[in-house]
Amino acid sequence: MKIARFSRVGFILAAAGSAVGLGNIWKFPYITGEYGGGAFVLVYLLTVLLIGFSIMIAEMLIGYMGRKDTVTSFENLAPTNKHLWKYGGFQALAGLFIMIFYSVVIGWIFHYIVTSLTYLPSSVQEAETTFNLMLHTDIWTQLFYHSAAFIWITYVLTKGIKGGIEKMNMVLMPALMIILLGMFMYALSLDTFGRAFDFMFASDWSKINSEAFVVAVGHAFFTLSLGMGAIMTYSASMEKNSNLVRNAFWVVFLDTTIALVAGLMLFTFLYQYGAGPAKGPGLVFISLPAAFYEMGIIGNVFAVLFFLALAFAGLTSSVSLVEPMVQYFIDRFDWSRVKASILMGLFFYLIGIVALLSNIDGFKEYLTWGDKNFFDWVDYVTAAIMLPAGGLIMAVFVGFIIPKSKVSAIMKPQLGFAFEAWYFSLRYLTPVAMFIVMLSLMGVF
Ligand code: PHE
């Protein structure tokens, strides 16, 4: 059987499509607002640079050497204890869990594309009322668009690596970049750009507490799509003799640049036309539409384009969140791609409805535990715990378990003198950083 492989550019765009998602444009700006700006951004950037980049290469390597679904790749590459190491591959489940809330948010975005054509709220209060009405009372609108997201994502998955995933990314990723660049140029011409810049890059360490630290590290994993096997699964379809370092560089570079560009642009708009950096998940759905309103008619155009770009980012990430489990059932249980795609799709779709209901008045009382409802719990547990844990397993696996001779046979020619630094980062830097995150999570400091 001929195995479908990504083309060179196809791989980079698909992996970047996975990385660039709601994390970059929806989540990054609002958590930056929530945790106070510059210092938070710095912790995030340092994590990306010192740990994220190394784990990106490691995750690509496992997929590239293993050539199969995540579970089989771990199993095949472990020299001993294969039956134990194969459980490393089950981090792929985190993707399906993330999709539980991700698909609901994509639904909101679809809804906003449609409404922004003709309507923008004239004040932040109005925007807040509109958003909250949808979020807390409007089951049917949310369900309708959540269903649309489910159908789109599942359809692309049934078409496979080449005809589905690569094809979609080759169109949507360039479109997304063009839209963002155009809007960024406009933001550059506004006089509040400098204030947005200061907000994002001037570090005020008093704002960093242990929760901010955990969230920043977790976000670095989330935004790079690390620790759940999306990059690993795509890498199993990478061309032979690919340069992993170059590929990883492009993915990290595009992801980080797009997050910073989106953040600068949004905060500029919010300073210029709105109420300044807002907080919370409502940032792009509340403060931003009100700012677009102030721009006049061009605001509608910008709003539609912005939400389109956001939808593109979300959809290209979604397929990568589900594909690892689809691949798992194809490789290990001989399911057809169509069957695997539909069943995995139904999984996140149906539980996604519970997440959706956990925001609805009358239901949320039953679906809230402690300070978070079901929706927020899924977000928190996946991003702050599962992904960093998955990243740690990969780092340890490549750093200690796969024989060094095998790792260096592939990576030394590509990394040259940096090989030892990379290996050191996997063996020591990552585990120590993760240990600190664990301690903060347990509230030790
Ligand atoms: N990186 C995606 C984002 O930033 C989310 C994601 C996480 C995708 C993990 C795949 C794997 O939105």
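Taking the stretch 278-295 as the range and being closer than 18 Å to TYR186 by Cα, buried (at least 18 other Cβ atoms within 10 Å of the Cβ) and of a type outside the set (Ser, Thr, Tyr) as the test, the residues that pass are VAL284, LEU288, PRO289, ALA290, ALA291, PHE292. If you go through the stretch 217-238 and keep only what is within 7 Å of the ligand (Cβ to nearest atom), of a type outside the set (Phe, Trp, Tyr) and in a helix (DSSP H, G or I), you end up with THR223, ALA230. Residues of the stretch 77-95 include at least one that is within 12 Å of the ligand (Cβ to nearest atom) and either free of Cβ contacts under 8 Å to residues at least 12 places away in the same chain or in contact with a Phe, Trp or Tyr (Cβ under 8 Å, 6 or more places away or on another chain) (or both).
With respect to being under 16 Å from ILE109 (Cα atoms), touching a helix residue (DSSP H, G or I) at 6+ places or on another chain (Cβ under 9 Å) and either among the small types (Gly, Ala, Ser) or not in a loop (DSSP other than H, G, I, E, B) (or both), ILE286 fits the description. For beta carbons closer than 8 Å, sequence separation of 6+ or different chains, a first residue in the stretch 222-234 that is in contact (Cβ under 8 Å) with a residue 12 or more places away in the chain and a second that is more than 6 Å from the ligand (Cβ to nearest atom) and basic (Lys, Arg), the qualifying pairs are PHE222/LYS27; THR223/LYS27.
As an exercise: evaluate ILE360 against (1) crowded, with 16+ Cβ neighbours inside 10 Å; (2) assigned to a helix (DSSP H, G or I); (3) out of contact with any Pro (no Cβ under 8 Å at 6 or more places or on another chain) and give the number of the one condition it does not meet. The failed condition is (2). When the residues of the stretch 245-269 are narrowed to those that are under 16 Å from GLY38 (Cβ atoms) and more than 16 Å from the ligand (Cβ to nearest atom), which ends up surrounded by the most Cβ atoms within 10 Å (Cβ to Cβ)? Ranking the candidates gives PHE267 first.
Is it true that some residue in the stretch 305-324 is away from the ligand (no atom under 16 Å from the Cβ) and more than 28 Å from PRO174 (Cβ to Cβ)? No. Close Cβ contacts (under 6 Å, 6 or more residues apart or on different chains) running from residues in the stretch 393-410 that are closer than 12 Å to PRO79 by Cα to residues that are assigned to a loop (DSSP other than H, G, I, E, B) comprise ILE401/ALA78.
Being in a helix (DSSP H, G or I) and either among the charged types (D, E, K, R) or closer than 26 Å to VAL319 by Cβ (or both) is a property that VAL214 lacks. Quick check on LEU387: is it surrounded by 18 or more Cβ atoms within 10 Å (Cβ to Cβ), of a type in the set (A, V, I, L, M), in a helix (DSSP H, G or I) and more than 19 Å from the chain's Cα centre (by Cα)? Against the criterion (surrounded by 18 or more Cβ atoms within 10 Å (Cβ to Cβ), of a type in the set (A, V, I, L, M), in a helix (DSSP H, G or I) and more than 19 Å from the chain's Cα centre (by Cα)), LEU387 does not qualify. Which of the numbered conditions does GLN327 fail, given that it passes all the others? Conditions: (1) away from the ligand (no atom under 16 Å from the Cβ); (2) buried (at least 18 other Cβ atoms within 10 Å of the Cβ); (3) under 22 Å from the mean Cα position of the chain (by Cα). Condition not satisfied by GLN327: (1).
Regarding LEU46, is this residue surrounded by fewer than 23 Cβ atoms within 10 Å (Cβ to Cβ), without any contact (Cβ under 8 Å) to a residue 60 or more places away in the chain and more than 14 Å from the ligand (Cβ to nearest atom)? Considered against the rule, which asks whether it is surrounded by fewer than 23 Cβ atoms within 10 Å (Cβ to Cβ), without any contact (Cβ under 8 Å) to a residue 60 or more places away in the chain and more than 14 Å from the ligand (Cβ to nearest atom), LEU46 comes out as yes. Out of (1) more than 16 Å from the ligand (Cβ to nearest atom); (2) under 30 Å from THR141 (Cβ atoms); (3) buried (at least 21 other Cβ atoms within 10 Å of the Cβ), what's the single condition that is false for MET344? The single condition MET344 does not satisfy is (1).
Read-outs: derived from the displayed coordinates by stated rules, not from any lab. Predicted, not measured: the structure shown is a model, and the values here were computed from it. Heads up, the Cβs are rebuilt from the backbone with ideal geometry, glycines too, and the neighbour counts pull from every protein chain shown.
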